[in-house]
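Beneath this line is the structure, given in structure tokens, with notes to follow.
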Amino acid sequence: WETEMRLREMFDVYGSDSLSRRIIESLDIDALIQRRRDNYEIVLAHYRPSSQYQAIFPYLDDKTCPSHFSWYSEERNRAQQFLLDHGIRSTVYWPKPPQLPDVAKYPHANWIYDSVVSVQIDQRYTAEDMEYLGKTLSQM
């Protein structure tokens, strides 16, 4: 129990303040989910797969609320620079972990670590933003 209580003390510090709670409580969660789903679908509707771009999830199931559009790219650094040149920021969320020092033993995992790129598509972005993203991805 001592360890359990220590963990609780550590994580209780990270509670939300009253302003953050009011903001969250005022959100229309259903509209937020719908906007994210619509954004994902718009990107899907405007992209054309290529060696530089293959959507990881080429369709959206009924229960998913995406925050990012992620894809595989054969030349990730080049793809990221291309997007940046077009005003689109992308992120690599899963770098090779230090716990896996010899990724060469796992070529499929190594390829994934070297190839995945993501772009945020949450509710802050408009349909026009998503259309631009999809069309820009298709130019790679």
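Residues to consider are Glu4, Glu74; find the one that is in a helix (DSSP H, G or I), without any contact (Cβ under 8 Å) to a residue 60 or more places away in the chain and of a type outside the set (Ser, Thr, Tyr). The match here is Glu4.
A Cβ distance below 8 Å, combined with a sequence gap of six or more or placement on separate chains, defines the contacts here; from region 94-123, residues that are hydroxyl-bearing (Ser, Thr, Tyr) reach residues that are in a loop (DSSP other than H, G, I, E, B) and crowded, with 16+ Cβ neighbours inside 10 Å in the pairs Ser115/Ser73; Ser118/Ser90.
The residue list Asp30, Asp62 contains one member that is out of contact with any Pro (no Cβ under 7 Å at 6 or more places or on another chain) and either under 29 Å from Ser138 (Cβ atoms) or not in a helix (DSSP H, G or I) (or both), which is Asp62. Just one of the listed residues (Asp85, Asp17, Asp61) is within 24 Å of Tyr125 (Cα to Cα), among the acidic types (Asp, Glu) and open to solvent by 80 Å² or more (accessible area, probe 1.4 Å), and it is Asp85.
In region 72-100, of all residues being more than 12 Å from Thr136 (Cβ to Cβ) and aromatic (Phe, Trp, Tyr), the one that is nearest to the chain's Cα centre (by Cα) corresponds to Tyr93.
Residue-wise test of (1) of a type in the set (Gly, Ala, Ser); (2) touching a helix residue (DSSP H, G or I) at 6+ places or on another chain (Cβ under 8 Å).
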{"position": "Ser18", "(1), (2)": "yes, no"}
{"position": "Ile29", "(1), (2)": "no, no"}
{"position": "Ile42", "(1), (2)": "no, yes"}
{"position": "Pro49", "(1), (2)": "no, no"}
{"position": "His68", "(1), (2)": "no, no"}
{"position": "Arg78", "(1), (2)": "no, no"}
{"position": "Gly87", "(1), (2)": "yes, no"}
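Of the residues making up region 87-140, those that are small (Gly, Ala, Ser) and more than 24 Å from Tyr47 (Cβ to Cβ) are Ala104, Ala109. Could you tell me whether Asp17 is modelled with pLDDT under 95 and within 30 Å of Thr136 (Cβ to Cβ)? No; evaluated as a whole, the condition is false for this residue.
The values are calculated or read from the model by the stated rules, or taken from the named source; none is laboratory data. Computed from a predicted model, the values in this text were never measured in an experiment. Positions of Cβ are generated from backbone atoms using ideal geometry, with glycine treated the same way; all protein chains shown enter the neighbour counts. The accessibility values were calculated without ligands, DNA or RNA, using every heavy atom of the protein model including side chains. Shrake-Rupley method; radii C 1.70, N 1.55, O 1.52, S 1.80 Å.
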